[in-house]
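These notes are about the structure you will find just below.
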Amino acid sequence: MSKIQAVFERLQAQGRKALIPFITAGDPHPELTVPLLHTLVQAGADIIELGVPFSDPMADGPTIQRASERALAQGVNLRQVLGMVANFRADDNETPIVLMGYANPIESMGLDAFAAASFDAGVDGVLVVDYPPEEAVEFARTLHRHALDPIFLVAPTSSEARMEQVGALASGYIYYVSLKGVTGSATLDVAAVAARIPEIRARTGVPVGVGFGIRDAATAAAVAELADAVVIGSRIIEEIEQSSPDKACENVRALVAGLRRGIDATSSALREQP
Amino acid sequence: MTQHAQDYDLPDASGHFGQYGGVFVAETLIGALDELKEAYAAAQRDPQFIAEFDYDLRHYVGRPSPLYHARRWSEGLGGAQIYLKREDLNHTGAHKINNCIGQSMLARRMGKPRVIAETGAGQHGVATATVAARYGMECVVYMGSEDIRRQAANVYRMKLLGATVVPVESGSRTLKDALNEAMRDWVTNVSNTFYIIGTVAGPHPYPMMVRDFQSVIGRESIAQMQEQCGRQPDAVIACVGGGSNAMGIFHPYIPVAAVRLIGVEAAGEGIATGRHAASLTAGRPGVLHGNRTYLLQDENGQIIETHSISAGLDYPGVGPEHAWLMDCGRAEYVSVSDAEALQAFHDLCRLEGIIPALESSHALAYASKLAPTLPKDKILLVNLSGRGDKDMHTVAEKSGITF
């Protein structure tokens, strides 16, 4: 069983939902990434999505674009990101890490070399934004060969047939993009999300995380009522961006702890339902 | 010559040209691309759509564009005869309008009242703004702030035509970043918006669709060459940035095995300096902007900044069909420096009374190198893809002149 699957099974047994924060590796400074990862865990993260900076982040809004640019300006590359994961693993062998990024830096390293190096560094899953399932059959196979979970996106516009196509390749969880647009867009429509989750879960056979447009504890709580996991990215990057480097961990801790409380309040309310 | 060209029918159903092309986008765009694929396939089968496209090309764009024997220039070079396909004489001054007519007709068919575009030199932005004005569509053009500075006249033209020009401040602030931003707009506003991509790149079906709309250039050339020379040229030469004018003139010639196809990339200040935009000559395969193709990238797979005197060639990728044509040997790709392109620009002005675009000047420069090596009865066909009015400031600046 993968570490990601184990997290979902443990949480389900406890009647709780997963909190999956996202940060960009190397933002605001390469030396702050590992401390920020530990901070996220201490504040209640169950799984962490770690962004691999790319020069052309086509699917990201301005917030994550800026994070990517800050990291690249400091020369952060994919090998260094894997080094950061390995450092994190020295003190935390539990929390799953999912790399999230774009195809080109991975193809540049070579699919097999990337998968092997990721496994060695202690990575658990990989989400490549510009690999839809039809272009990712070989990639998913390569990841599975190295005991890594391929994480895929599902969108409001994805047909049932596509969900099944994703389900055939995916393990770990599905990342449901809850609204049209790029990361950090407007607030999501909870009712619209509610209608889709059971269907995605049924057709893909893996837990469903919801992201894009979750900005506060109340929305996180509302999403946690429906989905298996809540993914939050841009709001955390904003906190990092607005904090002086010596306050970044402290401020992120407060923000993520608040989200955690929101999600757990929902979970306990759900448990108490007759 | 390879066997592939005999029964050429690429891309395949999934949008691949061999290992190139494809659909490398986030899941959020897949629905829109499927809708576009269906709409385009239906339009291709609809005689009314085809008739309207032909009508507009004739009466609005001014096609067929002339085929012109550049006698004086050819004589001076002392070798092969050079013929120019005069896309510079199209309405709006470049080949870009052919594609914009086709895609805007498709946008109307699909009931999308808003069109968006990316632009580098501004030619595609102007062409998009033009068709949007004619059809009464809202038009937003994304343009890198660096390009806005370099191409002020085209920015003003777009505004006159009623378009909103949005400066893009991210990344290198040039064409690739404008494309990123247009994609972000599209994914956000996909229900009412049609994205008119200006070149043979992007996710399937764009490389195929843009090529099809542009291939009128090659079809006309085949008829005109036959009429004027009684035969086809020995080589067809076109500049390649993204590669739409080159694909347009190459495509009908792919099965004509005896005709060499030569794409000319921008060598900028020289390939060895690293300041160039020659993706096929100096890049390696990767994934960007929805397709797999040759890219200029660093050792970590980050896309690098390009340089060319011509903003329209200043792009780190290239259409996937060019990548395939190079790998299978059907087309050759060479590069020409800023200085060589400028020389050809001046030569054509002085010897033929034609002011070419700096992009097209790259194709002219290679023709001027190749022609003297060939006998006088050989024929080179050069796609003169655009006119040079927009480049007045750039050329004047290089000559130390300010207006």
Looking at (1) surrounded by 22 or more Cβ atoms within 10 Å (Cβ to Cβ); (2) in the same structural domain as B:Phe53 (by the TED database); (3) closer than 21 Å to B:Lys390 by Cβ, can you tell me which one B:Glu87 breaks?
(2)
Can you tell me how many residues in segment A:199-232 are at pLDDT 95 or above, within 19 Å of A:Gly184 (Cβ to Cβ) and surrounded by fewer than 24 Cβ atoms within 10 Å (Cβ to Cβ)?
0
Does segment A:25-44 hold any residues that are crowded, with 24+ Cβ neighbours inside 10 Å and away from chain B (no Cβ under 14 Å), and which are they?
A:Asp27, A:Thr33, A:Leu36, A:Leu37, A:Leu40
Tally time: how many residues in segment B:300-345 are open to solvent by 20 Å² or more (accessible area, probe 1.4 Å), touching a residue at least 12 places away in the same chain (Cβ under 8 Å) and not in a loop (DSSP other than H, G, I, E, B)?
12
The residue from B:Ala127, B:Ala121 that alone is buried (at least 16 other Cβ atoms within 10 Å of the Cβ), touching a Lys or Arg at 6+ places or on another chain (Cβ under 9 Å) and outside any helix (DSSP H, G or I) is B:Ala121
Based on this model, can you work out whether B:Gly353 counts as modelled with pLDDT of 95 or more and more than 21 Å from the chain's Cα centre (by Cα)?
yes
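Residues checked against (1) open to solvent by less than 10 Å² (accessible area, probe 1.4 Å); (2) under 13 Å from B:Leu381 (Cα atoms):
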site: B:Met225; (1), (2): yes, yes
site: B:Gln228; (1), (2): no, yes
site: B:Gln232; (1), (2): no, yes
site: B:Gly243; (1), (2): yes, no
site: B:His251; (1), (2): no, no
site: B:Ala257; (1), (2): no, no
site: B:Ile262; (1), (2): yes, yes
site: B:Gly268; (1), (2): yes, no
If B:Leu288 satisfies every condition in (1) away from every other protein chain (no Cβ under 14 Å); (2) touching a residue at least 40 places away in the same chain (Cβ under 8 Å) but one, which is the exception?
(1)
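Restricting to segment B:188-216, and then to whatever is over 18 Å from the mean Cα position of the chain (by Cα) and surrounded by fewer than 24 Cβ atoms within 10 Å (Cβ to Cβ), can you tell me which residue is nearest to the other protein chains (Cβ to nearest Cβ)?
Filtering segment B:188-216 down to residues over 18 Å from the mean Cα position of the chain (by Cα) leaves B:188-194.
Next cut, surrounded by fewer than 24 Cβ atoms within 10 Å (Cβ to Cβ) only: B:188-193.
On the way: B:Thr188: 4, B:Asn189: 8, B:Val190: 6, B:Ser191: 8, B:Asn192: 11, B:Thr193: 11 Å.
Once the filter is applied, the top-ranked residue is B:Thr188.
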Starting from residues that are modelled with pLDDT under 95 and at the interface with chain B (Cβ under 7 Å from one of its Cβ atoms), keep the ones in segment A:147-161 and report whichever is nearest to the chain's Cα centre (by Cα).
A:Ala155
Looking at (1) open to solvent by 20 Å² or more (accessible area, probe 1.4 Å); (2) within 14 Å of chain B (Cβ to nearest Cβ); (3) in contact (Cβ under 8 Å) with a residue 12 or more places away in the chain; (4) of a type in the set (Ser, Thr, Tyr), which is the only condition A:Ser171 fails?
(2)
Per the list (1) under 27 Å from A:Gly44 (Cβ atoms); (2) without any contact (Cβ under 8 Å) to a residue 60 or more places away in the chain; (3) surrounded by fewer than 24 Cβ atoms within 10 Å (Cβ to Cβ), residue check on A:Phe152 breaks on (3)
The one condition A:Arg235 fails out of (1) away from chain B (no Cβ under 14 Å); (2) modelled with pLDDT of 95 or more; (3) open to solvent by less than 20 Å² (accessible area, probe 1.4 Å) is (3)
For segment A:70-146, give me every one of the helices (runs of 4 or more DSSP H) that falls completely inside it and has 3 or more residues that are in contact with an Asp or Glu (Cβ under 6 Å, 6 or more places away or on another chain) and surrounded by fewer than 24 Cβ atoms within 10 Å (Cβ to Cβ).
none
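The values are calculated or read from the model by the stated rules, or taken from the named source; none is laboratory data. This structure is a prediction, so every number in the text was calculated from the model and none was measured. No Cβ is skipped: glycine too gets one built from the backbone with ideal geometry, and neighbour counts run over all protein chains shown. Please note that ligands, DNA and RNA were not included when accessible areas were found on the heavy atoms of the full protein model with its side chains. Shrake-Rupley method; radii C 1.70, N 1.55, O 1.52, S 1.80 Å.
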